[in-house]
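S.K.: Here it is, the structure, as structure tokens.
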């Protein structure tokens, strides 16, 4: 356990003309230590068989489609084989959206009411923004962030190191305040959805551009690795070019399939 590292992988969701995954991603789903999903956009489509057998906890940042699209299919695929329920950790606002707009029998079955021969297949674990909860050896500290709908960022700690994860956000002083209180944060994963020429759209939809990300990073007072996530795929090359030109610090662009260790 002394050499334990927190591992994170972005599951692929977008494919090129040859059928291979591409760097640009339409959906968002990360795996932590191969057993906890952070958002479920591509979970059903891209998790390996071993990962499908291991993942029983899914943590949702918010209820936008690109973050939840794979959840119904993931439960559906595993329905008959589950020996324990899939546990969805989310705020009550997000869970209400799932029940009202997704698992409503019109769009998809209400799995929270269904059982297989071993028992329930879907279980909701609500948390409140600002609270902490544990999944196995991982501790999640939720932080409210500024998106168009109620959304949560997280500081995720494995007892040895931590990462900060913004999810979708715009300017968020609360996020940086909580991050700067810590001494164990090794990396900050922060979104940058749009290029600067679409700053009006980014503002209306509560996302960041390279220019606004630069302003956000001025609030980071830790010596932590900065990793950029959630770039809109149609603007990926443009955003990355602007990030290289705008930011005065080294950054990592998170790529699908690669496993990152912190």
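S.K.: Mind telling me which of the residues 98, 31 ends up being in contact with a strand residue (DSSP E or B) (Cβ under 8 Å, 6 or more places away or on another chain), surrounded by 20 or more Cβ atoms within 10 Å (Cβ to Cβ), without any contact (Cβ under 8 Å) to a residue 60 or more places away in the chain and closer than 24 Å to residue 205 by Cβ?
M.R.: Values: 31 fails: closer than 24 Å to residue 205 by Cβ.
Just a single option satisfies the conditions, and that option is 98.
S.K.: Does any residue of region 163-182 turn out to be more than 17 Å from residue 145 (Cα to Cα) and out of contact with any strand residue (DSSP E or B) (no Cβ under 9 Å at 6 or more places or on another chain)? Steps first, answer last, please.
M.R.: So the first thing to find is which residues in region 163-182 are more than 17 Å from residue 145 (Cα to Cα), and the list is 182.
Pick out the ones that are also out of contact with any strand residue (DSSP E or B) (no Cβ under 9 Å at 6 or more places or on another chain) and you get none.
Taking every residue of region 163-182 in turn, none turns out to be more than 17 Å from residue 145 (Cα to Cα) and out of contact with any strand residue (DSSP E or B) (no Cβ under 9 Å at 6 or more places or on another chain).
S.K.: Filter region 223-250 down to residues that are in a loop (DSSP other than H, G, I, E, B), under 18 Å from residue 186 (Cβ atoms) and touching a helix residue (DSSP H, G or I) at 6+ places or on another chain (Cβ under 9 Å), then give me how many there are. Give the steps one after another, and end with the answer.
M.R.: Applying the first criterion (in a loop (DSSP other than H, G, I, E, B)) to region 223-250 yields 223-224, 230-232, 247-250.
Among the residues that remain, those that are also under 18 Å from residue 186 (Cβ atoms) are: 223-224, 249-250.
Now narrow it down to the ones that are touching a helix residue (DSSP H, G or I) at 6+ places or on another chain (Cβ under 9 Å): 224, 249.
The number of residues fulfilling the criteria is 2.
Computed from the coordinates by the stated procedures, all read-outs in this text should not be read as laboratory data. This one's a predicted model, so the numbers in the text were calculated from it and none came from an experiment. Positions of Cβ are backbone-derived with ideal geometry, glycine not excepted, and every protein chain shown enters the neighbour counts.
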